[in-house]
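Where a number appears in this text, it was derived from the coordinates with a stated rule and is not lab data. Bear in mind the structure is a predicted one, so any value in this text is a computation, not a measurement. With ideal geometry, Cβ positions are generated from the backbone for all residues, glycine too; neighbour counts draw on all protein chains shown.
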């Protein structure tokens with residue numbers, strides 16, 4: 001968490017810098033550098049990103065295009081000058097220079113109009129003569145304005161969807177014996193609702209679209225994090241968890257969507273974007289259908305989809321096969337070999353910069369082909385695919401030395417092998433014995449071929465094969481466990497699993513491979529994400545399941561042990577202080593912390609991790625128990641001191657606000673000073689308050705205090721994190737939350753039963769919409785509630801209203817302004833509606849005293865504080881030295897503490913914000929205490945609830 005220096009407050013506010021396309025962006029809710037976070041992007045230099053193709057016309061070179069089916073969109077999202085220009089001048093156009101963010105943004109106009117507008121704006125007559133690197137400053141300004149006017153927000157295209165088969169407490173969760181694990185499974189189950197999406201209503205399967213999404217007829221699940229679309233093999237691991245959650249209809253929709261794409265393209269693209277259409281991912285659809293049928297017995301669907309499964313298998317046999325001589329005989333195997341030699345649009349800058357020292361365009365294209373092929377593997381990237389540079393002892397694993405198409409991977413061939421076996425079984429289920437015998441024969445034949453190429457008898461393990469050198473790659477990778485998972489070995493040989501696990505133990509002399517948190521993806525620390533120290537859910541599950549189904553008690557016990565370690569490590573991380581309430585895409589084998597390395601930071605709440613954890617919890621539900629694991633403690637990964645200079649430091653961007661206009665951002669936060677309260681009411685000062693004298697001596701105040709710990713009966717309420725969305729009602733959220741905390745605490749003091757639900761007593765939505773002076777999203781402030789909650793407020797019948805408003809009372813009709821972006825309707829928020837607020841409700845003051853604020857919190861609970869927001873935190877076009885006050889923001893203070901930073905002991909307030917759990921540290925942050933930082937100790941409000949027995 002960040003701390004804030006006392007001078008100058010306008011420069012060291014707790015918020016940080018956000019990019020906007022053309023002008024400054026207000027950064028009212030962006031946090032300083034987090035150690036981990038889904039929105040963490042690193043900036044090390046400023047200016048153009050220098051990822052231009054420098055006049056190379058890829059089409060003329062005969063390399064081909066990536067989006068022929070979408071010619072109008074291709075110039076924008078796949079391989080054209082618009083894509084190149086935006087990436088080259090990325091400081092102004094890319095959200096934190098993430099190429100993927102741009103190609104995920106929807107168009108605001110038809111693609112043809114956007115392309116023609118670009119050509120007119122820059123007088124383009126021939127694309128190959130338009131040199132992106134030679135654009136003038138004025139042209140770059142035009143380009144920035146062009147992007148701003150023609151592209152929406154990356155997260156704005158898809159429609160949120162609650163799956164029809166989602167239930168809060170799935171039946172299978174009853175099999176989870178440990179109560180804490182069962183409760184955790186319920187929390188994980190809720191995340192399916194966040195990942196479930198539907199296509200925009202204005203899109204169909206005829207190419208009528210304004211974005212890079214591939215049309216899907218049925219609801220689907222995005223992978224999560226920066227992946228705003230489905231990812232093919234991610235979906236299989238998600239489906240395992242969906243079945244554990246009893247959501248088989250959702251799995252069927254997944255199968256139908258993939259079948260649509262196979263019938264359209266001949267294969268399943270790597271992801272649900274048009275720029276993935278030249279590469280697939282490991283073909284798990286057959287396994288997906290098999291698992292669905294095993295869970296439902298849906299024989300009619302099986303009959304319907306079997307021909308489509310054959311089509312996909314034929315694609316791999318036709319387009320990804322390779323002939324290799326083994327023991328004098330030519331045999332067919334399979335490899336990852338993408339049908340593109342272009343830079344990946346979602347990683348355009350990285351791919352172009354990687355080969356900038358290479359002059360020959362065709363040599364560049366060869367490397368891009370290897371990159372795309374490695375991406376097709378799902379293992380992007382790993383030392384598996386890289387030719388080691390023996391001359392470089394510091395960085396021997398360079399991506400420009402990728403050799404993916406020279407590798408015959410053991411895992412892909414094991415998956416194809418498993419496809420043959422599953423096809424044979426499913427054809428038998430639908431009564432087609434001829435087809436069943438055909439695929440069983442293919443399976444038996446391929447078993448022998450597979451063993452002859454990949455199995456090293458002396459080691460008792462399977463290795464990738466390098467057909468350039470004609471030798472196996474004798475290094476352990478998680479892919480070695482895939483044959484166990486897909487049954488691509490003679491299952492009569494019960495010792496196969498024993499041999500592979502013993503080999504892992506033999507390789508693990510330095511204890512880097514098998515850890516208390518799981519089994520690392522490899523032993524090689526290459527800095528790529530699919531290498532040491534990372535543990536991925538998919539490889540973990542395949543190893544666990546492969547051992548569990550091996551038939552030997554020793555390996556079944558080992559599978560249970562690995563499952564226990566994996567679940568415990570993730571549970572500990574989920575419940576840790578600074579990394580908690582998140583499921584991480586990958587964790588480290590050496591520390592049990594969020595994974596690292598690769599092209600992007602570890603993503604959170606991704607479907608693969610959720611799915612694998614739920615599947616494991618249900619599979620081993622009656623056997624798992626929690627034990628403390630040393631090491632998975634993120635509390636030591638504190639935030640760094642905030643940057644002292646603008647803008648030459650690492651920053652964290654809160655993406656939802658990256659593309660908002662100045663006007664929209666100004667509405668987002670704003671608090672009028674208390675002097676502007678209704679009827680200019682006389683507000684009491686701190687000195688007039690009759691605070692209990694329990695802590696009359698400042699020396700009695702502890703160095704650390706957290707209201708959640710003092711009043712555990714109200715901890716759930718105090719911990720509630722609200723997301724105000726795009727509504728400027730921070731004052732209402734903070735005020736309602738503070739008063740709710742204090743009602744709960746007052747009830748506890750009187751021995752009354754309290755609710756544990758954060759919306760039980762005072763509704764933030766009600767407060768925002770009906771406080772006098774507020775017309776919905778209009779900025780007022782906590783002090784305005786004084787005359788409102790002094791009186792009893794009777795809520796009328798809760799009912800739906802038209803449009804986006806949620807309910808009506810006898811007071812003014814529903815307000816529409818605030819509904820956008822709010823995550824809960826009032827129906828959800830007001831579960832325990834009845835409340836009566838006592839007479840001296842809200843009291844405001846200026847220039848409060850630190851110790852008196854601390855005593856008030858310690859005796860009666862949370863308080864509301866408002867502070868100043870300055871335009872120093874808007875970047876580009878404005879001076880960082882400005883002292884112009886823009887707006888204010890209200891938050892809830894629940895405690896305080898001290899922490900050592902360098903040689904300084906820093907005092908801080910513990911604060912709850914209203915930006916959801918994705919902001920800051922799970923929705924909380926710290927601000928320097930005792931120096932009236934940005935006036936946070938000079939504008940404080942709280943109320944005294946009247947509680948009657």
Self-check item: When region 244-288 is reduced to its Cα atoms, the Kirkwood hydrodynamic radius in Å
Solution: 11.3
Quiz item: So what is the relative contact order of region 175-284, in percent, for Cα pairs below 8 Å that sit 6 or more residues apart?
Solution: 24
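Which order results if 600, 443, 88 are arranged by neighbouring Cβ count within 10 Å, fewest first?
With the sparsest Cβ surroundings first, the list reads 600, 443, 88.
Find the Cα radius of gyration of region 85-165, compare it with 2.2 N^0.38 Å by division, and give the number to two decimals.
1.29
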Quiz item: So what are the radius of gyration and Dmax for the Cα set of region 137-292, in Å?
Solution: 18.2, 66
Exercise. Return 440, 889 ranked ascending by Cβ neighbour count within 10 Å, so the fewest neighbours appear first.
Key: 440, 889
Quiz item: Can you give me the Cα centroid spacing of region 534-590 and region 296-363 in angstrom?
Solution: 29
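Express the C-alpha Rg of region 444-500 as a ratio against the empirical globular expectation 2.2 N^0.38 Å, rounded to two decimals.
Output field value: 1.08.
Can you tell me the equivalent ellipsoid semi-axes for region 362-410? Use √(5λ) from the Cα gyration tensor, largest first, whole Å. Before the final figure, lay out the partial values.
Working: eigenvalues 62, 37, 15 Å².
Ellipsoid semi-axes (Å, largest first): 18, 14, 9.
Using alpha carbon coordinates only, what is the Rg to Rh ratio of region 293-406, with Rh defined as the Kirkwood radius? Intermediate results must be reported in sequence, preceding the final value.
Numbers: Rg = 18.9 Å, Rh = 16.9 Å.
The Rg/Rh ratio comes out at 1.12.
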Quiz item: What shape does region 217-350 take by its C-alpha gyration tensor, where a ≥ b ≥ c are the square roots of the eigenvalues and a/c under 1.5 counts as rounded, a/b above b/c as prolate, and the rest as oblate?
Solution: oblate
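May I ask you to derive the relative contact order of region 220-364, considering only C-alpha pairs under 8 Å and at least 6 residues apart, and to give it as an integer percent? Can you show the working numbers first?
Numbers: 140 pairs, mean separation 27.9, N = 145.
Relative contact order of region 220-364: 19 percent.
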Quiz item: Tell me, what is the percent relative contact order of region 346-398, built from C-alpha pairs under 8 Å that lie six or more residues apart?
Solution: 18
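Please arrange 360, 72, 741, 234 by counting, for each residue, the other beta carbons lying within 10 Å of its beta carbon, fewest first. Walk me through the numbers before you get to the answer.
Details: 360 9, 72 17, 741 31, 234 28.
Listed from fewest to most nearby Cβ atoms, that is 360, 72, 234, 741.
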